[in-house]
1. Within segment A:268-297, can you find the residues that are touching a residue at least 60 places away in the same chain (Cβ under 8 Å) and either outside any helix (DSSP H, G or I) or within 14 Å of chain B (Cβ to nearest Cβ) (or both)?
2. Within the bounds of segment A:84-100, is there any residue that is surrounded by fewer than 17 Cβ atoms within 10 Å (Cβ to Cβ) and at the interface with chain B (Cβ under 10 Å from one of its Cβ atoms)?
3. Does A:Phe24 qualify as being within 22 Å of A:Met67 (Cα to Cα), in contact (Cβ under 8 Å) with a residue 40 or more places away in the chain and more than 16 Å from the chain's Cα centre (by Cα)?
4. Would you mind listing the strands (runs of 3 or more DSSP E) fully within segment B:174-259 where at least 1 residues are away from every other protein chain (no Cβ under 12 Å)?
5. Checking B:Asp88 against (1) acidic (Asp, Glu); (2) without any contact (Cβ under 8 Å) to a residue 60 or more places away in the chain; (3) more than 20 Å from B:Lys155 (Cα to Cα), which test does it fail?
6. Quick one: is A:Gly72 within 14 Å of another protein chain (Cβ to nearest Cβ), of a type in the set (Gly, Ala, Ser) and in contact with a Lys or Arg (Cβ under 8 Å, 6 or more places away or on another chain)?
7. Yes or no: segment B:159-170 includes at least one residue that is at pLDDT 95 or above and either within 14 Å of another protein chain (Cβ to nearest Cβ) or within 19 Å of B:Tyr59 (Cβ to Cβ) (or both).
8. If a residue must be β-branched (Val, Ile, Thr) and surrounded by fewer than 24 Cβ atoms within 10 Å (Cβ to Cβ), how many such residues does segment A:121-149 contain?
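The values are calculated or read from the model by the stated rules, or taken from the named source; none is laboratory data. Computed from a prediction, not measured in an experiment: that's the story for all the values here. Cβ: placed from backbone, ideal geometry, glycine included. Neighbour counts: every protein chain shown.
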Amino acid sequence: MADLKTKIHNIKLKNPVLTASGTFGYGVEFDDFFDVDLLGGIIVKGTTIFPRQGNAYPRMAETASGMLNAVGLQNGGAPYFASDIYPKLLKYKTNVLVNVSGSTIEEYVACAEIINELDHISGIELNISCPNVKEGGMAFGISCPSAAAVVNAVKKVYQKTMIVKLSPNVTDITEIARAVEGAGADSVSLINTLLGMAINAETRKPVLSTVTGGLSGPSIKPVALRMVWQVSQAVKIPVIGIGGIMNATDAVEFFLAGATAIQVGTASFIDPLASLKILKGIDDYLNRHHFNHINDIIGCLQM
Amino acid sequence: MRKSVQDLKVVSNLRLNDDQHILHLQASNQLEYIHPGQFANILVDQSKNVFLRRPFSFYSVDYQNNIVSFLIKGIGEGTRTLLNAGVDSVLDVLFPLGNGFTLPEPEEKVLLVGGGSGVAPLLHLAQVLSKNSNKIHMLVGARSVSDLVEMDNYKRYANLHTTTEDGSHGEKGFVTDHSIFSEGMTEFSRIYTCGPDPMMKAVAAKARVKSVFCEVSLENSMACGFGVCLCCVVQTIHGHKCVCTEGPVFNINQLKWQI
């Protein structure tokens, strides 16, 4: 067994495998399949201060090697999360993080303040990259001043680790990464979904109720890898790699590109055991190549 | 039963017509109880353009031989790939998913209304109800007699009625044109329906007028099948609910259908 321990700011991870927000529910949906505590941590569904019904059906379109979604941050709101969902998460011994979103800076702050009171939550992932909401979301993540402003404001009220989830729908992701690092982000995670679209040629209508949606799955992996590689050279804070990771080889590629940890997303829809299989596969890779520690491959791309 | 991912062996692939087959799949372990109306999500890994699993209601369950059956209609690349599943090949199946139909009290007289491949969960339901000594009437609608397949299967458990749009079998017209709705509909204490949305809405409208209990089985597109992608939602009186976990079976009074 190789040593898989790693760290994201103050969060100690027993291994670098996390689950991406919006693809793992609140963790409890996976209890039938495996012991979620085996993972380094879970990042639960995007949470906003007010309850959100999300977008109208249809919200999903299957695409070549991937899918589009337009869920639109459906959730019961932060007070409901604190009162009704949080108690169910106390049983987990691994790290539980909450993905925090909002339409205005004030909403992000109010949501983070509520999560800040929850002792068992190790940190937040600030979502400035959701492409499926009319206001806020990605709008904050595509300009440096607005990204810095929301990170700055949340930093003042949130005391534990703050990861900032970045959008790939930008001209230069390294500029945004540097802006949020400067504003106090403890880590960046990337990438969120790529803005895309699907059309039904037979009906001559868009497939999604929102016309556009967020593309995920193996089709986005090359874009995600490139961005993780660029950002890991642009910032000093740890980078968490996300984007089309379906197996351990994919995960290893992200470590080589510079990621300190990874998140498994869409793969969990197809195989609820994907994150566990990826964790085991990472250990197998390290053993096969005689590496003792996950750090031995992080950022070790040979040029 | 706990949800799990299992390798099931194809023990037979029965061709009904050009685009409909029944797959019989065998589990290596004892099957636990599967409720009528629950479904499975099957991986289609031999098809390069198919990324997600494909959901199918259980068509029948044989606990003695640990065999589950699915009625597969070839609609797209994923379902057509499954039509070609070879005997002895293995399919990766996630099941059982969702909640099923609410079972009636023994002796109640019930009506099952199916259209197209929507008849699949109704056979499983009829199997269970026949053991519950219910009086079962089943109404199946199709375009033409050639689309009415495996009718003997239904006759084993139910009094069978049919409609065809071209009049080639049973009464002519849509299922809701059938005389059972004008004659003795209030004799039924419950109606269960599965099929195309317009058909289910028409059946639901008939049930609502006569205040008969009615459950429908929905088939929204989904990515996961166990309540984490939140893609398959339907508008209910309590807001958006996932068809995969809160359904696929809903009482019509829960849905915000314009009927």
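1. Within segment A:268-297, A:Ser268, A:Phe269, A:Pro272, A:Leu273, A:Ser275, A:Leu276, A:Phe291, A:Asn292, A:His293 meet the criteria.
2. no
3. no
4. B:190-194, B:213-217, B:249-251
5. (2)
6. In short, yes.
7. Checking segment B:159-170: at least one residue is at pLDDT 95 or above and either within 14 Å of another protein chain (Cβ to nearest Cβ) or within 19 Å of B:Tyr59 (Cβ to Cβ) (or both).
8. 3
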